[in-house]
Amino acid sequence: MATDNGSEGGGCPECKLTLPVKQTFDLEKAVCSYGFFMMAPNLWIPSTCTLQRPLRLRDERSVMVCISQDKLISSSLNLLIRVRLLGLETLTNEDEQYLLAQVSRMLRLSEMEESAISEFHELHLEAEAKGFGRLFRSPTLFEDIVKGILLCNCGWGRTLAMVKSLCDLQSELKGQSFGKKKGNLGKHNLGPEKLEKSQKTRQPELLRKKQKNREKSETIATLQSTTSVGKDMVSQTSGIRSVDSRNSPGDLEQQKYSEDYCQPSNSPDLSSSPQPQSLRQCDLDLLFSSEDFPTSSELANLDEKFLEKRCGLGYRAKRIVKLARDICEGIIDLSSLENFTGSTEMGMCFDDVKEHLLKLDGIGPFTCAIVWMCMGNYQSIPADTETVRHLKQVHGRSQCTTGTVQREVEEVYGKYAPFQFLAYWFEIWNCYEEKFGRLSQMLPSNYHLITGSNMRSKVSEDFMSTWHYFYGLILHYAILF
């Protein structure tokens, strides 16, 4: 590990860390492999293949971290981790190790994960050929669990919005005193005036839905015009130099940061490779945002009714607040739970840990399978309506229903045990990329389009085209006669 506490061009000072990786490691494939990478506060920057997000120091302060891999140096077996020291002079050795541990968890760089990937590749040669095997996850198990809860019983677009709202809320609550000690779990005093103000600042739901529907139709048409089965999405424009050069000093810092982290630098000619679409203003807002995902101690102090209304979480708010408070009170020890599943006795404790997870408020079979995967175990598949669609469309299981789907996934993917989830997700991810192009090249403003409703089969499209053709003939002859 190397450390450099300098800065370039007089900008914000930064600390540079390195993390060794295997020769076959590919940052783009490790990050853009699971939907969590699309959720705030993660930001994947396609033009430089860089992952940007805030991470916590040991005292729970946040620092912005940018993770990249220099593919030009074939002998380089290290990830470059740039930590922006905004408001800090330097990092302690303890903080450096704490940050590296979080990066290692997100990218599954532990020996246990490396071993699991190797075993999976022995069972699934196609996945090995494509370098698939690492599923991106959060820096902490708490963040994984909350995001798993937010995935349950709602559409993908709403999940993205709820996660972003939680990060926005964390930014608003910066500087407040949060209870970190046992027993200090009083509700955060937001007051009716602040609650009313937060509600007024939210865009009216109907107007927002209409605008999203219009944008969705336009974007899908654009994606389909630039994407075909087996081909990557190619944009017509690239770059983000939409930041006006006639800006204030603060805006000029944003412009330098934009060019530094988003524009290819000393890189090969990319004209022949897939390029991302041009960034919209909402994508630029994400680039310069500093919101982090809230910790359990931050959420434990909030009133569940406020959280429900402020972030649109619905019934999930109560469960998330209870989870956070149980962690702060020591009722739930996520660290011990995760270490236990990562032990050599993992196979023996499978049922025990799964039973323990299911006892947590808000975690049912679907969320449990997601959390279990995030803990490094791939035996359970989180089956839902998207799974039913996939089995019907790809495996010809036309009679599959939500009532039979769990049995049918076991029949289809049982041969890959104990890596059923990896085999299942390999197919799902490939189908998404066949439809939309490489997801690593998609902009955050288009992530909400990756849904089952937009995954119509080619057979359905051909049928609709044929139906419209004959319907047109019928109308034509009806008019004539």
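Between a first residue in segment 146-172 that is on the phi > 0 side of the Ramachandran plot and open to solvent by 10 Å² or more (accessible area, probe 1.4 Å) and a second residue that is assigned to a helix (DSSP H, G or I) and small (G, A, S), which pairs have beta carbons less than 7 Å apart while being 6 or more apart in sequence or on different chains?
Filtered contacts from segment 146-172: no entries.
For residues that are open to solvent by less than 10 Å² (accessible area, probe 1.4 Å), hydroxyl-bearing (S, T, Y) and in a helix (DSSP H, G or I), scanning just segment 354-388, find the one that is nearest to F136 (Cα to Cα).
T367
Quick one: which of L72, L88 is farther than 30 Å from T451 by Cβ, out of contact with any strand residue (DSSP E or B) (no Cβ under 9 Å at 6 or more places or on another chain), at pLDDT below 95 and assigned to a loop (DSSP other than H, G, I, E, B)?
L72
Name the single residue, out of those in segment 44-59 being aliphatic (A, V, I, L, M) and surrounded by 20 or more Cβ atoms within 10 Å (Cβ to Cβ), that is nearest to L86 (Cα to Cα).
L55
Could you pull out the residue among S289, S296 that is touching a Leu at 6+ places or on another chain (Cβ under 9 Å), among the polar types (S, T, N, Q) and modelled with pLDDT of 95 or more?
The match here is S296.
Identify all residues within segment 400-417 that are surrounded by 17 or more Cβ atoms within 10 Å (Cβ to Cβ) and part of a loop (DSSP other than H, G, I, E, B); write none if there are none.
Correct list: C400 only.
Please find, among R108, R84, the residue that is on the phi > 0 side of the Ramachandran plot and not aromatic (F, W, Y).
None of the others qualify; the one that does is R108.
Could you grab me the full set of residues in segment 308-323 that are part of a helix (DSSP H, G or I) and either in contact (Cβ under 8 Å) with a residue 12 or more places away in the chain or touching a Cys at 6+ places or on another chain (Cβ under 7 Å) (or both)?
K309, R310, C311, R316, A317, K318, R319, I320, V321, K322, L323
Hey, can you tell me all the residues within segment 328-354 that are closer than 25 Å to R316 by Cβ and either more than 26 Å from the chain's Cα centre (by Cα) or modelled with pLDDT of 90 or more (or both)?
Within segment 328-354, C328, E329, G330, I331, I332, D333, L334 qualify.
The values are calculated or read from the model by the stated rules, or taken from the named source; none is laboratory data. Keep in mind that what you see is a predicted model, and the values were worked out from it rather than measured. Using ideal geometry, Cβ is built from the backbone for each residue, glycine included, and neighbour counts are taken over all protein chains shown. These accessible areas exclude ligands, DNA and RNA; they are computed on the full protein's heavy atoms, side chains included. Shrake-Rupley method; radii C 1.70, N 1.55, O 1.52, S 1.80 Å.
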